[in-house]
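Data first, discussion second: the structure below is written as structure tokens.
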Amino acid sequence: MPNQSNQKIAPPVPITDLDLDQNAGVPLYRQLYEGLRRSILVGELSPGVRLPSTRALAADLSIGRNTVVNAYEQLLAEGYLEGRTGSGTYVAAELPDHLLRVRSDQRKSAKSRKAGRGLSSRGHLLAGTTVSEPHDFAIPRAFRAGLPAMEIFPFKTWSRLWNRRWRSPSLDLLGYGDPAGYRPLREIIASYLGAVRGVRCEADQVIMIAGSQQALDIVTRVLLNEGDVVWVEDPGYPGARGAFQGAGAEVAPVPVDSQGLDIATGIARAPNARLAYVTPSHQYPLGITMTLSRRLELLDWAARNRSWVLEDDYDSEYRYAGLPIAALQGLDEEDSVIYVGSFSKTLFPSLRIGYMVVPQGLVDTFVAARELIDRGSPSLEQAVLADFMVEGHFERHIRRTRSLYAERQEALVESAERDLRGLMEVRPSSSGMDLIGRLAKGVDDRLAQRLAAQHDVEATPLSTYYFEPPEQGGLLLGFTGVDEAQIAAGTRRLAEALSSLD
């Protein structure tokens, strides 16, 4: 057996082509680490080759020895290098990324193959569905739709309630909690909905959720089979359309006219639809209130067809003229309606607390589905919200924001009349958090959106809510999340953008 002490040690490979930048924001040791790691992974430094000593490499690259030591130590720790006593530092024989490279190659080749593992059919549907564009919510911008005036939220009150709960939380608030939600909050919501929205329910029928989008997900899981037909408003909320399509349902667009959902057309197109999704109190995005005759017609169809109606009551608190519109659910005598509400528009979106009111016969099933999805909403936040409502802070906040939003809507209408005359028509509304700016016929509202964005104005094209391009395009203009000065500046910039359409 040969004497290892007499074996010849292989010379180190030279390393001189690494591009290190002293002025870069990345530390030199990190640049060196990444450069060596990349050379190893692409095969420029083969397994088993010997690297220069830390002193020699530092001299070759004109950098400090500690820089090299730090880079080597990181690579040793991650398994890219191995040290041999009395011999030096070598590229490891077994690279930790070897299998990852193989799998990456397999993923690339799989794109051209129809067979093999991959997404489910529902996974493909979900992956191909877009709900909304990403936003930088740290910067208020005219005219982002659906955003509340978070600058006037009573943060001190909320903080005080939060601290009071957190100083000595009960054990039930630290555990998993009831998947249906924090009982006192469900009770106060049931009471509130009965008094303000005309909803008929008991606390047991209220199920807490993480917002209206989760309600759509639960409904599709529990009530729809793949291939079932769903009525959706046209134009309507893309998030609902995406949820149903992502579940494999067949979406049947039903037009909306001046009275709301056109029930007769819905029956003609899909008489046996399993479910109808509606926003009757304030249709999204047109802002129309469904008439009583249409509501009764919808409920009659659902009862006769043994179908479900999903009522999304997303912003009904904000009505500026006349009495509040009672919920569709309050007219339901056949337990056909599932009612959905959220605190995203009234408080702030990241709270992620909403609620469903379901018929008694569905309660156990919906609670079981809620538990399987994510065990339930955070208990502490629910407790703080319950305190916020019980002590009257919620209703005071609604009154304050309702008054403020009426002023901001008036400011938008006046600014639009001054700056956008001849370019866009903006009419007031008796409710809601946004208005529609109608463009001249033939004007592409998607082009208008892109031009507006170039002038730092955010507006959603009306055509994105339709299944087919509408006869007249427009932009959805949110007015609640920005003050009057920002509204005035926004209409001026929007006028500059739209003027270039000529």
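Each value in this text was obtained by applying a stated rule to the coordinates, not by laboratory testing. The shown structure was predicted, so the numbers you read here are calculated from the model rather than taken from an experiment. Don't worry about glycine lacking a Cβ; one is built from the backbone with ideal geometry, like all the others, and counts go over all protein chains shown.
At residue 447 and residue 167, where each label point lies 7 Å from the Cα along Cα→Cβ, what is the point-to-point distance in nanometres?
About 6.3 nm separates the two model spin labels.
Determine the calculated [θ] at 222 nm for the chain from helices alone, applying -39500 (n - 2.57) to every DSSP H run no shorter than 4 residues and normalising by the residue count; nearest 500 deg cm²/dmol.
The helix-only estimate for the chain comes to -12500 deg cm²/dmol at 222 nm.
Where does the charge balance sit around residue 265 when Lys and Arg score +1, Asp and Glu -1, over other residues with C-beta under 12 Å from its C-beta?
Cβ neighbours under 12 Å give a net charge of -3.
I need to check one value: relative contact order of the chain, counting alpha carbon pairs closer than 8 Å and at least 6 residues apart, in percent.
For the chain, the relative contact order is 17 percent.
Taking R0 as 30 Å, what's the FRET efficiency between residue 364 and residue 119 from their Cβ-Cβ distance, rounded to 0.05?
Once the sixth-power term is evaluated, E becomes 0.45.
How many angstrom lie between the C-alpha centres of the stretch 320-348 and the stretch 413-491?
So the separation of the two Cα centres works out to 27 Å.
Among (1) 24.1; (2) 23.2; (3) 27.2, which is the computed Kirkwood radius over Cα pairs in Å?
So the calculated entry is the one marked (3).
Per the Cauchy relation, a quarter of the hull surface: what is the mean projected area of the convex hull of the alpha carbons in the stretch 360-502, in nm²?
With the hull built on Cα positions only, its mean projection is 12.7 nm².
What is the list of residues in the stretch 472-502 whose amide nitrogen lies under 16 Å from a point 7 angstrom out from the Cα of residue 425, following Cα to Cβ?
Under 16 Å, as judged by backbone N against the label point of residue 425, lie 472-476 of the stretch 472-502.
Rounded, prolate or oblate for the stretch 337-412? Axes are the square roots of the Cα gyration tensor eigenvalues, ordered a ≥ b ≥ c, and the cut-off for rounded is a/c under 1.5.
prolate
Using +1 on the beta carbon of Lys and Arg, -1 on that of Asp and Glu, and nothing else charged, what's the dipole of the stretch 390-501 about the Cα centre, debye to 20?
Approximately 80 debye in magnitude.
Using a cut-off of 11 Å between beta-carbons, work out the net charge of the residues near residue 424 (Lys and Arg +1, Asp and Glu -1, residue 424 not included).
Local charge sum for residue 424: -1.
Return the FRET efficiency for the residue pair residue 153, residue 10: r is the Cβ-Cβ distance, R0 is 45 Å, and the value is rounded to the nearest 0.05.
0.10
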